[in-house]
Amino acid sequence: MKLKLVNIGGIVLAASLNVVSVSPVSAMNVCSSSAVDPDGDGWGWENNQSCQFIGGAASSSSASSGSGFCQSAGSDPDGDGWGWENGTSCRVGGSSSSSSSSGGGSSSTSTSSGGNPVCASSASDPDGDGWGFENGSSCRVGASTSSGSGSSGSSSAPSASTSPGTVNGVPVCTTTASDFDGDGWGHEGGASCRVTSATANADASTSNVAPPPVGAASAGTSGGRPICLTDSSDVGNTGFGYENNQTCAVVAGVTATPDNPLLNTRVCEPWFEIQYGNYRLQNNTWASDAVYSDNWHQCIEVTGNRGNYIAKWDYNWLGRSEGDEFSVKSYPQVYYGRKTRFNISGSVAETGMPVRINGMPQFTVNYRYSETGNAERNVALESFFHTSCEAEEHNKFFELMVWVDKPVVRIPGPQVASARISGQDWSVHTNPSLGWGYVAFVADNPQNQGTLDWNAFVEWVRFQGPSAGVPSIGNNTCMGAIEIGTETFWGNGTFTLHQFDVIH
């Protein structure tokens, strides 16, 4: 979790810049050449599947002949002026094209609203992105597309009585479960459908849709100035904090404190923190600008009572195609210890941190959580190690992460080893491209509750990591805090942290 300091109205806040390594763009998602997108609709066909052409991400190399023209008109069975040769589209009609004919297969006879032929069968859209390839040409899966070969499902689009509506003529999906790859497109009733805010969440076991944003929570006013909800932002103990983009006053008996935490109040303000005991819940939205609209939300809340506080958050980071899919958007988290001088959940005497690794006491972490939703996210604990026990952003040296649950698609970097720690098997990943040491332990068998020997992870990195290609954690660096949260790439859901106890 990378941190930067932001000065707003004279109040210095700490903002996290979480850097997570991701797998490179693969040919499965992005076209390697604009030549495979002849109609300029942003979709092409390579390696027997649809690909998306992103301007600047692909070359503009010509087609197979070197001139962009087909060698044979026989590669254009539907006569649309475009053929398919040597794994790429080519143009029919140039001097390179022969006049030889081919046995004509049947072509798509209808045209979608965008001018593209409608697929005859959804079987030509194996990845379910709404684009197929038939008779040497890209086609759009639409209402008139029949279900795939062998399918017993209906070949018609969802009826108006079951669909939440349409977007640009495309039915809205009734459930996010039909969008298995999270690209914003599903397939229901033999036709493609669009995932929108009206689409019901696939997990119907509890609340189906993440709650919407709410107005700024308020504790009232005092002397014409808003009263702070919590004293978390009063980092200098001046009697004034900063919430909802304005200075607020700390009022005894009204403003929440660690011993009298803010309960049952859902707050959607980015970077807002709620303290309970020696723990802090932070609404970290570090990469919200990686989303292409302002329709996202993320909110936090603490419920329960003394001795049984429960941290919760809900979020909607939209669909895979509605933001930079390779960027983590946020890391809502609970932390114990010190992240920076402005983010401290308790004193060294209370939390045992920051502490040098040569003199660390035993740290044991108990966790338990539940969640709903459909999101590409991990559930990760982490610690940063600093060159000084005055833990700050500038002296950050090493990041250690433990992914107790992992995304479907994204990985934290190349795997370099395997380890067995705390009775579990983990794959060990690192990322040499970062500006600091990094390691991530990813659970082979994810568990939503457990007990972790935190020292055992630190010791593995110190004494076995270097031989496996993991950067050095340093001879005597300081561990600043232990955190738990979710890193989300896209999707929506709710997360309830029933237990997070750091014992030392």
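For segment 221-242, what are the residues that are more than 19 Å from R341 (Cβ to Cβ) and in contact with an Asp or Glu (Cβ under 9 Å, 6 or more places away or on another chain)? Scanning segment 221-242 gives P226, C228, L229. Does segment 290-300 include one or more residues that are acidic (D, E) and either closer than 27 Å to F457 by Cβ or at pLDDT 95 or above (or both)? No, segment 290-300 contains no residue that is acidic (D, E) and either closer than 27 Å to F457 by Cβ or at pLDDT 95 or above (or both).
Of the numbered criteria (1) outside any loop (DSSP other than H, G, I, E, B); (2) at pLDDT 95 or above; (3) farther than 17 Å from G337 by Cα, the one L281 fails is (3). Cβ-Cβ distances below 7 Å connect the following pairs, each with a first residue in segment 485-496 that is outside the structural domain of G184 (by TED's automatic domain parsing), a second residue that is among the basic types (K, R) and outside any strand (DSSP E or B), and a separation of six or more residues or different chains: T488/K329; F489/K329; F489/R410; W490/R320.
Filtering segment 440-471 to residues that are in contact (Cβ under 8 Å) with a residue 60 or more places away in the chain and more than 23 Å from Y367 (Cα to Cα) leaves R462, P471. Filtered by the rule that a residue be in a loop (DSSP other than H, G, I, E, B), without any contact (Cβ under 8 Å) to a residue 40 or more places away in the chain and exposed (fewer than 14 other Cβ atoms within 10 Å of the Cβ), segment 412-434 gives P414, G423, P432. Restricting attention to segment 458-494 and to residues that are buried (at least 24 other Cβ atoms within 10 Å of the Cβ) and among the aromatic types (F, W, Y), the residue that is farthest from A419 (Cα to Cα) turns out to be W490. Screening F463, F398 for residues that are aromatic (F, W, Y), outside the structural domain of C173 (by TED's automatic domain parsing) and farther than 25 Å from K329 by Cβ leaves exactly one candidate, F463. Taking the criterion of being part of a loop (DSSP other than H, G, I, E, B) and loosely packed, with under 13 Cβ neighbours inside 10 Å, the residues of segment 213-262 that qualify are V214, G215, G220, G223, G224, G236, N237, T238, N245, A252, G253, D259.
Scanning segment 443-482 for residues that are part of a strand (DSSP E or B) and β-branched (V, I, T) turns up T451, I482. Residues in segment 334-385 that are modelled with pLDDT of 95 or more and among the basic types (K, R): R338, K339, R356, R368, R377.
The values are calculated or read from the model by the stated rules, or taken from the named source; none is laboratory data. Keep in mind that what you see is a predicted model, and the values were worked out from it rather than measured. Cβ coordinates were reconstructed from backbone atoms using ideal geometry, including for glycine residues, and neighbour counts include every protein chain displayed.
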